1. Any idea what Rg and Dmax come out to for the stretch 16-64 if you just take the C-alpha atoms, in Å?
2. Which order do Cys112, Cys201 take by accessible area at a 1.4 Å probe, largest first?
3. With +1 on the Cβ of every Lys and Arg and -1 on the Cβ of every Asp and Glu, and nothing else charged, how large is the dipole of the chain about its Cα centre, in debye rounded to the nearest 20?
4. Do the sum for the chain: with -39,500 (n - 2.57) for every DSSP H run of n ≥ 4, divided by all residues, what is the mean residue ellipticity at 222 nm, to the nearest 500 deg cm²/dmol?
5. Report the residue, chosen from Asp190, Asp198, Asp130, that carries the largest GNM mean-square fluctuation when the chain is represented by alpha-carbon nodes joined by springs under 10 Å.
6. Applying 1/(1 + (r/R0)^6) with R0 = 35 Å to the Cβ-Cβ distance of Ala125 and Glu212, what FRET efficiency is obtained, to the nearest 0.05?
7. Quickly rank 71-82, 92-103 as a protection proxy: mean count of other C-beta atoms within 10 Å, highest first.
8. Could you report the chain's accessible area per residue, 1.4 Å probe, as an integer in Å²?
Amino acid sequence: MSKRQNLSISSRKQPQQSRSAELVAIILEAALQVLQREGAQKFTTARVAERAGVSVGSVYQYFPNKAAILFRLQSDEWRQTGGMLREILQDAQQAPLERLRTLVHAFIRSECEEAQIRSALTDIAPLYNDDPQAQEAWLYWDHTVKVFIAELLPAASAASRSIVEELLSTTLSNAGEHVSASTYPATRIDDYANAMADMFCAYLSSLKNRNEQA
């Protein structure tokens, strides 16, 4: 346990020059390829260096261990996926429930695409749960959901909205983890997302009507 707590997941340094930034990008792309082709069990810093065509020492300049590489991959995914999901929920051109339906499909697809990264991060999850980057990503997501639910259910009480926010986030997270760990074909994944979106929309429509009639 103590070793796990002392393991660093922070990058050694941030690249300051374009050449250094390119090297980090090459290392991260190689790391992703190692994950995709060989899986989490065979993921090592040496394999990443070999795939990137650089020395292990070059990798260690920026990442002290494989956990730091994996966390950087996860952090980049958080930023990309989080930005995409926020854009969906904030798209005023779509009705709120249509945004929610789009969100469910986008989230499930994203979870399936990052399944290998999640598997590799299982062992270091206790480390990154308290990391400032992780906390910031989750707080930003919570705020986005809170604003969306307030728009969708303006007549609901704060307590009711809080339940909806928790239910939405928890269900999405658990469902995404389940589907991404399965061997479902793409058509079944789409059907699963459709069913979950229908469930959310029916529940929220009913709740909205009850609040407006109260």
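1. Rg then Dmax for the stretch 16-64, in Å: 10.5, 33.
2. Values: Cys112 40, Cys201 15 Å².
I get Cys112, Cys201, largest accessible area first.
3. On the way: 22 positive and 25 negative charges, 133 e Å.
Computed charge dipole of the chain: roughly 640 debye.
4. Working: 11 runs with 164 residues, N = 214.
Calculated mean residue ellipticity at 222 nm is -25000 deg cm²/dmol.
5. Asp130
6. Working: r = 42 Å, r/R0 = 1.19.
So the FRET efficiency works out to roughly 0.25.
7. On the way: 71-82: 17.8, 92-103: 15.7.
Most protected by this proxy first, the peptides run 71-82, 92-103.
8. On the way: 12220 Å² over 214 residues.
Per-residue value: 57 Å².
The values are calculated or read from the model by the stated rules, or taken from the named source; none is laboratory data. Because the structure is a prediction, the values reported are computed rather than measured. Positions of Cβ are generated from backbone atoms using ideal geometry, with glycine treated the same way; all protein chains shown enter the neighbour counts. Just the protein is used for accessible areas: all its heavy atoms, side chains included, with ligands, DNA and RNA removed. Shrake-Rupley method; radii C 1.70, N 1.55, O 1.52, S 1.80 Å.
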